[in-house]
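The values are calculated or read from the model by the stated rules, or taken from the named source; none is laboratory data. Remember, it's a predicted structure, so these values are computed and weren't measured experimentally. Because the Cβ atoms are built from the backbone with ideal geometry, glycine has one as well, and the counts that use them run over all protein chains shown.
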Amino acid sequence: PILYLATQNKHKVEELTALLQDHFSVLDLSSLALTEEIPETGKTLTENSLQKARYIAEKFQVSCLADDSGLEVEALGGDPGVYSARYAGEPKDDQANLQLLLQNLRGNSNRRARFVTVLTYFAAGTYHSFEGEIQGSIVELPRGTQGFGYDPIFQPEMETRTFAEMTLAEKNKIAHRARALEKFKNFLDETQKC
Ligand code: ITT
């Protein structure tokens, strides 16, 4: 079966494709005539994930999987959360977001944070959502060059390296996105048994 990834983030495409290619022929949006940004106006990760999946599924009549993710920092009351992509304003800028987060946490000894991903699978008019999370902490200074987004400042619990110091395969063994995807795969296995 063919599965479109309803995301305009090439790093998500990479991570998701690595985990899904045994189950699907995975396609990104480059083969669809999409010129606009996928609308994303919800107040929660779940709303946004569904909105993005529905938009692509209905516009192109395809089965798809959307991903909405956020970094929740305890000392910042859960920010940037659903606003993670535009924390430092428009246009989206990963480096500016990460620097602003470090600045807002400066001098704060509570560095606890978690990453959350909500995946939504939209196929044949119905949808299902799957959440994955990982606990960790925000380091003082960025480390590592792999990954994307907030990876250089997020160190998962029980690890000595940030996500940006791990290979894609290492990150994909433990990360929020991979955990949500594990639930999606279990769902597929269950429904195929019926
Ligand atoms: P799409 O909406 O097109 O999927 P996006 O990049 O806008 O792509 P989100 O709306 O989910 O994605 O925004 C999530 C933000 O959090 C964005 O700034 C990412 O860089 C960051 N982010 C998401 N997953 C991450 C991960 O695994 N590691 C580090 N940062 C991540």
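Among the residues of the stretch 1-58, those that are in contact with a strand residue (DSSP E or B) (Cβ under 9 Å, 6 or more places away or on another chain), in a loop (DSSP other than H, G, I, E, B) and surrounded by fewer than 16 Cβ atoms within 10 Å (Cβ to Cβ) comprise Pro1, His23, Leu32, Gly42, Thr44. Do you know which residues across the stretch 108-135 are surrounded by fewer than 23 Cβ atoms within 10 Å (Cβ to Cβ), small (Gly, Ala, Ser) and part of a strand (DSSP E or B)? If the condition is that a residue be surrounded by fewer than 23 Cβ atoms within 10 Å (Cβ to Cβ), small (Gly, Ala, Ser) and part of a strand (DSSP E or B), then Ala123, Ser129, Gly132 are the ones that fit. If the condition is being of a type in the set (A, V, I, L, M, F, W, C) and either within 15 Å of Gly136 (Cα to Cα) or modelled with pLDDT under 95 (or both), then the stretch 157-177 contributes Met158, Phe163, Ala164, Met166, Ile174, Ala175. Output yes when any residue across the stretch 1-18 is more than 19 Å from Glu182 (Cβ to Cβ) and β-branched (Val, Ile, Thr), and no when none is. Yes, that holds for at least one residue. When Leu65, Leu71 are checked against the criterion of being at pLDDT 95 or above and within 9 Å of the ligand (Cβ to nearest atom), Leu71 stands alone in meeting it.
If you go through the stretch 59-96 and keep only what is in contact with a strand residue (DSSP E or B) (Cβ under 7 Å, 6 or more places away or on another chain), assigned to a helix (DSSP H, G or I) and within 27 Å of Leu19 (Cβ to Cβ), you end up with Gly81, Val82, Ser84.
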